[in-house]
Each structure stands twice: as structure tokens, then as C-alpha cells.
Amino acid sequence: MSPSRPLLKPLAACCGALTLGATLTACGGASTADPNAKEITVYSADGLKSEKGDGFYDTVFKDFEKKTGIKVNYVESGSGAAVQRLARERANTKADVIVTLPPFIQQADGKGLLDTYRPKGSDQVAAADKDPAGRWTSIVNNYFCFIYNKKELKQAPATWQDLLDATYKNKLQYSTPGVAGDGTAVLIKALHDFGGQGPAMNFLKKLQANNVGPSSSTGQLAPKTDKGELLVANGDVQMNYANMKSMPNQGIFFPAAEPGAKPTTFALPYAAGLVKNAPHSANAKKFLDYLLSTPVQRQVSSVGGGFTSRKDVKPTDPHATELAKIMNGVDIFHPDWNDIDKNLNTYVDAWRAATGG
């Protein structure tokens, strides 16, 4: 979604950056974490934390520690990388909570990495935004998007086909499908808009002529677009809207499948789950409850620039109003996440074959 949401957020695809906490122990054997420690470790896709310290996570972590005395250790990476790390550490679990974008939260569940927990307030989350078995719940709703440099381009590209123009040669980049949540979202939107794997891969093969190359994190692309190093990149609405204050040259757009068609996108929520064998399970449950509490969900838009997960929370702050304007006139489709989870490797392999990625 990230994706950091990203994905703002320096990270490596395999390890991520550790902030706000102590260094994690090495793999091997049972967890060495003190189960009674007043702390938790959160593995998360990028997009919700600000380099300036004024983002959604920054506020939530600080307020949660003040309220409960529980410190949050934060590890950031691309969505796929977060799940891969969790799987590698299965024999010595370090994380308590994982926050990642679809289809990677489903992937984590499929690998048996999540425990069952329904946070307080999850009854107000739409059925489509939570796992029926209680393995994960959306904490911030979000939508896939592209961004462009408003200073260099008079208007946003209207369609996918516009991105093939020579104007974007070495000035276009999207994060890597299968690694970054928002990068995988490029594939999902292409599959939908072009009507299947064959035509989608044919287009992405053509687009490769303009593509700069791989990126493990979507969050790395926003600063490049704002500076004009890139003219177009992928992203997600929450992340890119939230960083517009510090990166004013980026604009959000949703390319249509063809001229005359309506722009399209789909929901790409940040979904949180309790990690199986979490070393601080009780603390993690308190944190998940806190994330879905009404006061925090009101901050999703006012602080985080995102969309609340709770149906009973109706924010009216200026950011919520602007976000509604961004989404006005955009067709929202609903991916079959079970199909995508089942066939993700096939789609990513097809993308690699088409693009040489």
C-alpha cells in the first residue's frame, strides 16, 4: 500500500531500519526477549512514520507509551520484506505486531505467522477490511495511486498509455512487485485495467523502456519525484498526501485504462496482526486495541492523512475533506485477495519475465 506505503523511510529490503528501541537479538533457538518487559516490537510497511517526527506512528507511539508505559520498538521495511523477515525468525520470534498491506497480510496468515486476536472496536471495521478468522484487522484505510511532479508537468498523465511517452524516459519508476506492497499494487491495477495477465504484462514490458529500475521501497520514490529526478512514480494516497507539506511538488493521480475511461484504484489498507508466539503478547493486544480506539482513529486523517478503518468514526477535519476531494470521481474496484494471495508468485514471475526485473 508501503508499501512505504511505502514504501520518508530509509530501509533495506531484508532488514529494515530499527528506531525508537533497542537492537534486536540474533536468530536461533527460543526467543530471548523478556516477556515481562514493558515494550513491544512492531514490524511495519513504510508510510505511517515521518522523518520529521510528526507522523501518525510518531504520535501514536509516543501517546501509547505515555498512557501505558509500554515502549514501541519500530522496524520498517517493504511489505513483502516484513513478512519474509517474520518467516525467517519463526524459530526465534522477535516481533509482536506486524502491519503490512494486502496481499502480504494474507501471505503472513497463510504462512502461519499470525495469531487470532480481534481488537476492541474491530466490530466497527467493515467485513472486507478484516479477516473473518480474526488474524488481522485494518487500522488505516488507504488507496493505491501514482504521483507526478506538478512543477515539471502541466497536468497529470490521464491514462496508462500516456506513460509510454518519451517524456518519461528514465523519469519513471515504480517499486518492485513482490517486495513492496505498493509495487505489487501496480501489478494488481494493471491486471484489472487491462483485463488479465497477458495484456497487463504486454503493457508493462513496453513501460520498461521508461522505467529507471527496481526499488525495494515505495517511500524512497516520493522525494525523487518532488525534486524532479522522477516525473512519475507509484505510491498510495495516505503516504503521499501526508508528505505533501514537506514535498509540495508532488501531485496524486489515478491513470485510466484507456482514453475516455474513468480513473480507477482499489483499497490498500494498512492491516495489523498479532504475531504468533509474540514475546510480548499481552502488550501487543493493548497496542492493537489502542490503534482501533476512537480517538486514535480520528487522528488517522487529522495527523496521518489517511482514512479511518471504523465505520462509526466520521472525521470532519480539513485533511479528511481534502482526501474526499482526491477520491472524487475515481472508480474503486475490489480485488479478489484470495486469488492474488494464491497466485501472487505466478503474477510476479510473469512480471519478471516480461520486464527482466
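One line per residue, one yes/no per condition, for (1) crowded, with 16+ Cβ neighbours inside 10 Å; (2) part of a strand (DSSP E or B):
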{"site": "P132", "(1), (2)": "no, no"}
{"site": "R135", "(1), (2)": "yes, no"}
{"site": "S138", "(1), (2)": "yes, yes"}
{"site": "F144", "(1), (2)": "yes, yes"}
{"site": "K151", "(1), (2)": "no, no"}
{"site": "P157", "(1), (2)": "yes, no"}
{"site": "L163", "(1), (2)": "yes, no"}
{"site": "T167", "(1), (2)": "no, no"}
{"site": "P177", "(1), (2)": "yes, no"}
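Counting the residues of region 296-322 that are surrounded by fewer than 18 Cβ atoms within 10 Å (Cβ to Cβ) and either of a type in the set (D, E) or under 17 Å from the mean Cα position of the chain (by Cα) (or both) gives 3.
Tell me, yes or no, whether region 189-207 has at least one residue that is in a loop (DSSP other than H, G, I, E, B) and not small (G, A, S). Checking region 189-207: not a single residue is in a loop (DSSP other than H, G, I, E, B) and not small (G, A, S). Across region 50-59, a minimum of one residue is classified as closer than 28 Å to D341 by Cβ, buried (at least 21 other Cβ atoms within 10 Å of the Cβ) and not assigned by TED's automatic domain parsing to the domain that holds S215. Does K325 count as at pLDDT 95 or above, charged (D, E, K, R) and either on the phi > 0 side of the Ramachandran plot or surrounded by 18 or more Cβ atoms within 10 Å (Cβ to Cβ) (or both)? Judged against the criteria, K325 is not a match.
If D182 satisfies every condition in (1) modelled with pLDDT of 95 or more; (2) in contact with a helix residue (DSSP H, G or I) (Cβ under 7 Å, 6 or more places away or on another chain) but one, which is the exception? Unmet condition: (1).
Considering only residues that are in contact with a Pro (Cβ under 9 Å, 6 or more places away or on another chain), within 19 Å of G305 (Cα to Cα) and either surrounded by fewer than 24 Cβ atoms within 10 Å (Cβ to Cβ) or at pLDDT below 95 (or both), which ones fall in region 199-239? Listed by number, the residues that qualify are T218, G219, Q220, D226, D236, M239.
Give me the residue from region 328-357 that is more than 18 Å from the chain's Cα centre (by Cα) and hydrophobic (A, V, I, L, M, F, W, C) and, out of that set, surrounded by the fewest Cβ atoms within 10 Å (Cβ to Cβ). By that ranking, first place goes to A353.
To keep it simple, each residue is scored yes or no on (1) within 30 Å of G251 (Cα to Cα); (2) assigned by TED's automatic domain parsing to the domain that holds D46; (3) in contact with a Phe, Trp or Tyr (Cβ under 6 Å, 6 or more places away or on another chain).
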{"residue": "D115", "(1), (2), (3)": "no, yes, no"}
{"residue": "G121", "(1), (2), (3)": "no, yes, no"}
{"residue": "V125", "(1), (2), (3)": "yes, yes, no"}
{"residue": "R135", "(1), (2), (3)": "no, yes, no"}
{"residue": "S138", "(1), (2), (3)": "yes, yes, no"}
{"residue": "K150", "(1), (2), (3)": "yes, no, no"}
{"residue": "L153", "(1), (2), (3)": "yes, no, no"}
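What helices (runs of 4 or more DSSP H) lie completely within region 277-357 and have 1 or more residues being in contact with a helix residue (DSSP H, G or I) (Cβ under 6 Å, 6 or more places away or on another chain) and aromatic (F, W, Y)? The helices (runs of 4 or more DSSP H) meeting that bar are 281-291, 337-355.
Among the residues making up region 208-229, those that are closer than 13 Å to L172 by Cα, outside any helix (DSSP H, G or I) and not β-branched (V, I, T) are Q208, A209, N210, N211, G213, P214, S215, G228, E229. For region 56-105, filtered to residues that are outside any helix (DSSP H, G or I) and among the small types (G, A, S), the residue that is farthest from N142 (Cα to Cα) is G69. Considered as a group, the residues in region 254-265 that are crowded, with 20+ Cβ neighbours inside 10 Å and assigned to a strand (DSSP E or B) include one that is nearest to the chain's Cα centre (by Cα), and that residue is T265.
The values are calculated or read from the model by the stated rules, or taken from the named source; none is laboratory data. Everything numeric in this text was worked out from a predicted model, so none of it was measured. Heads up, the Cβs are rebuilt from the backbone with ideal geometry, glycines too, and the neighbour counts pull from every protein chain shown.
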